[in-house]
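What follows is one structure encoded as C-alpha cells, with my remarks underneath.
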Amino acid sequence: MTASSASTTAPISATAPARPLASSRAAAHATRVAFFISGFAMAAWAPLVPFTKAQLSLHEATLGLLLLCMGAGSIVSMPLAGALSARWGCRRVLVASALLVCASLPLLALAPTAPWLGVALFLFGAGIGGLGCAGNIQAILVERASGRPMMSGFHGLFSLGGVAGAGGMIVLLGVLGTSLGQATAAVAAVVLALLALAAPHFLAGGGAQSGPAFARPTGVVLFIGTLCFILFLAEGAMLDWSAVFLTQVQGMPAERAGLGYAAFATAMTVGRLTGDRWVRRIGPQRTVLTGALLAAAGLGLATLAPTWPLALPGFALVGLGCSNIVPVLFSLAGRQHAMPESLAVPAIATMGYAGVLMGPALIGFVAHGTSLVAALLLLAGLLGAVAASARRLGTLD
C-alpha cells in the first residue's frame, strides 16, 4: 500500500511549497473544532469508567487490560490516518474518525460483556487516534498557510474539550441522573452537531505523494518523537500519580487529592490558549527551552515541598511549562524534510502516546525499586534533558 493520491489540493508533502488555503480563516476554525471534538469525546469516557466497572463486575486487573484496548486502537489507527490523509485528504479521515467515535460511544455504555467492552474501546481508541493524527496534519497545513504560530491554540481547544466533556458527563450522570446510554448519546449528538458545522471546511485534498504508508521514524523525526515521549510520559504521570503522591507522601486528605492534577490541567489549558503569542515572540527553540526548565523546576518543587499547599503551585508550573512544547514539536514536524508529515505526524504521535501508556507503569516500576519521590525526580531530570536538547531544534526554526 502506498500513500499516493491523485488529488491536487492542499499538499501534505513536507517538501511542497506553502500556498494559501481556500478560506483559511474557516479552515482554522474547523481545525479548532476538530481538536475540541477529540478532547470532548475522549474526556467523556473517564466518568464512565466506574459505572462500567460496576455494571460488568470487573476486577481492577481486568479493567486495566481492557483499557489497553483503547490504546491499541489509537496506535493502530494513527499510521492509517496519516496514510489515508495523504491519499484522500484530511476531511474524509476526520469525518470518518468522528463518526467512528460517535458510533462507539454508546457501545461503551451498553456493552453486555467484558469482551464487547474491549471491542468498543478498541473502536473508540481508533476514532480518537484518527482524529488526533489527521487533526494535527490539518493543523500543520493551516499554520503553514497562515505564516504564524497557531498550533498551541489548536491544542488548547483539545484541553478545553476535555474540560467540557468531563464536566458535561458529570452533570448528566451525577446531577441530572441520566442513564449511561442517554449520556453517551448526548455526547455523540454534540459531536455530530459540531462535525456538521466544521466538516465543509476541513481540507479536502492530500496532495500527490509517493512512498510507503508506514515508515520507521529516523533522524530528526525520531528525535522529535523521543521528546514527545518524555512530554506525554510527564502528562501520564501527572494524571495517574499526582493524587497518590499527595496522599501518601504529602498527607493530603484523599477527597482533595484531585487538586494536583486539576492545577496541572488548568495551567496547561491557560498556557496553550495563550501560547501562540509567546511562540511568536520568543520562537520555538526558546519555547521548548524555557518550558522544559519551568516544568522540571515545578516538578522539583512539587516533589520536594514540605507540605501539600506548596506542592500545588509546583504541579501548576509543570502544566504551564509543558503546555506549549508538544504543539511546537508538531509544528516542527511540518518543517523537517526527512519525512513527509503524513508519515512523520503519526510516527511522532504514536511515540507520544506510548509515553502516556507506558509512563504510569515506568513511574510505578521505579517507585517500587526506590521511592515515588525518586521516580518523580527522575522525571524532572528527563524534562531537564528536553531543555538541553532545544538547541538542536533550532536548526529547524
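Only the coordinates and a few stated rules stand behind these numbers; no lab work does. Since the structure is predicted, the reported quantities are computational estimates derived from the model, not experimental observations. Note that each Cβ is placed from the backbone with ideal geometry, even for glycine, and that neighbours are counted across all protein chains shown.
Values computed for the structure shown
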item: Hz values of 3J(HN,Hα) by residue in segment 314-329 - Karplus curve (6.51, -1.76, 1.60), Gly and Pro given as x; result: x, 5, 5, 5, 4, x, 5, x, 6, 4, 9, 6, 4, x, 4, 5
item: Which labelled figure in [x] -0.39, -0.77; [y] -0.62, -1.07; [z] -0.48, -0.85 is log10 I(q)/I(0) by the Debye sum over Cα atoms at q = 0.08, 0.11 Å⁻¹, once derived from the coordinates; result: [x]
item: Among 157-168, 260-271, 103-114, 367-378, the order from most to least packed when residues are scored by Cβ within 10 Å on average; result: 260-271, 157-168, 103-114, 367-378
item: Mean separation of Cα contacts under 8 Å (6+ apart) over length of segment 71-127, as relative contact order %; result: 54 percent
item: Burial ranking of peptide ranges 315-321, 344-350 (average Cβ count within 10 Å, highest at the top); result: 344-350, 315-321
item: Value of relative contact order over the chain, rounded to a whole percent, pairs C-alpha under 8 Å and six or more apart; result: 25 percent
item: In order through segment 300-308: 3J(HN,Hα) via Karplus (6.51 cos²θ - 1.76 cosθ + 1.60), integer Hz, x for Gly, Pro; result: x, 5, 4, 6, 9, 4, x, 9, 5
item: Segment 232-384: equivalent-ellipsoid semi-axes (sqrt of 5 x gyration tensor eigenvalues, Cα, Å); result: 28, 18, 12
item: Theoretical ellipticity at 222 nm over the chain - DSSP helices of four or more residues, -39500 (n - 2.57) apiece, nearest 500; result: -26500 deg cm²/dmol
item: For segment 24-201: span of alpha carbons on each principal axis (Å, largest first); result: 52, 33, 23
item: Amide hydrogen neighbours beyond the local backbone of G89, cut-off 5 Å, H modeled; result: G206
item: Residue order, fewest to most surrounding Cβ atoms within 10 angstrom, among S97, S331; result: S331, S97
item: Footprinting exposure proxy for S38, S179, S85 (fewest neighbouring C-beta atoms within 10 Å first); result: S179, S38, S85
item: From phi via Karplus (6.51, -1.76, 1.60), per-residue ³J(HN,Hα) for segment 193-200 in Hz, x at Gly/Pro; result: 5, 5, 4, 4, 6, 8, 3, x
item: Separation of the S146 and V76 label points, Cα + 7 Å toward Cβ, nm; result: 3.5 nm
item: Rel. contact order, % - alpha carbon contacts under 8 angstrom, at least six apart, segment 219-396; result: 37 percent
item: Rg over Rh, two decimals, segment 102-203 (C-alpha only, Kirkwood Rh); result: 1.04
